[in-house]
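*Asks:* One structure, as structure tokens, below. Some questions next.
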């Protein structure tokens, strides 16, 4: 099955309104020779502005996270209703920084998945292992557990359109990158897990992104692998010319 590639930029806690505006305006000019879906995930302070600027362009807009309730006394949290109202069509859930820094458990993420589905937000669901887990040969056990518990209780029909992002935690912001062979091995295993859980059609249709220090210098090799359907890019998504090169991978 031919899957449309996705190149997503996670801006994390970067960019003022002015910087976000400049970046969006630059990215709107990409040639996008691969006809990829291009998604940007600004911080919440820039979400509405970026969504407004992206209207009618090639760019889609994602929230970096959502709360599991639609409203309430949850100081500092942003609900799926608010994210959608600001213009998001997607949300990232389970990013390694949310898991490790903010304590998002599989159980919390399961509630966030339900919230995203309630409001028709396309989910970019992140999975990945730490360096210690990889060294102990627990990579696939960890990832299977994250998929099993995070997506528990939902059918293939409900999860239609789900995007998975594999982020080896040891390769985020460290400059280390999984080799294209390591990425392919894990992506193929994730697809096999999805096939077992939701059927082969679902597995073949699901895009699986690689998200561990993707750069303009390594994207071609990574994207050449059959089970790598795109990239979730951190640092280089903040630099228009670098992100443009990643979008236009060879």
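The values are calculated or read from the model by the stated rules, or taken from the named source; none is laboratory data. This one's a predicted model, so the numbers in the text were calculated from it and none came from an experiment. No Cβ is skipped: glycine too gets one built from the backbone with ideal geometry, and neighbour counts run over all protein chains shown.
*Asks:* Can you tell me which residue is nearest to the chain's Cα centre (by Cα) among those in segment 108-132 that are farther than 20 Å from residue 232 by Cβ and not in a helix (DSSP H, G or I)?
*Replies:* Out of the qualifying residues, it is 120.
*Asks:* Please go through segment 35-63 and give me each residue that is part of a loop (DSSP other than H, G, I, E, B), in contact with a strand residue (DSSP E or B) (Cβ under 8 Å, 6 or more places away or on another chain) and surrounded by fewer than 24 Cβ atoms within 10 Å (Cβ to Cβ), ordered by number.
*Replies:* Within segment 35-63, 36, 58 qualify.
*Asks:* Another question, then. Among the listed residues 66, 92, which satisfies the condition of being part of a strand (DSSP E or B) and modelled with pLDDT of 95 or more?
*Replies:* 92
*Asks:* Another one. Look at residue 221 and say whether it is more than 21 Å from residue 122 (Cα to Cα), in contact with a helix residue (DSSP H, G or I) (Cβ under 6 Å, 6 or more places away or on another chain) and surrounded by fewer than 17 Cβ atoms within 10 Å (Cβ to Cβ).
*Replies:* It is true that residue 221 is more than 21 Å from residue 122 (Cα to Cα), in contact with a helix residue (DSSP H, G or I) (Cβ under 6 Å, 6 or more places away or on another chain) and surrounded by fewer than 17 Cβ atoms within 10 Å (Cβ to Cβ).
*Asks:* Can you name the number of the only condition in (1) out of contact with any strand residue (DSSP E or B) (no Cβ under 6 Å at 6 or more places or on another chain); (2) at positive phi that residue 94 fails?
*Replies:* Only one criterion is unmet by residue 94, namely (1).
*Asks:* Looking only at segment 167-205, which residues are in contact (Cβ under 8 Å) with a residue 60 or more places away in the chain and either in contact with a strand residue (DSSP E or B) (Cβ under 7 Å, 6 or more places away or on another chain) or not in a helix (DSSP H, G or I) (or both)?
*Replies:* Residues satisfying the conditions are 167, 172, 173, 190.
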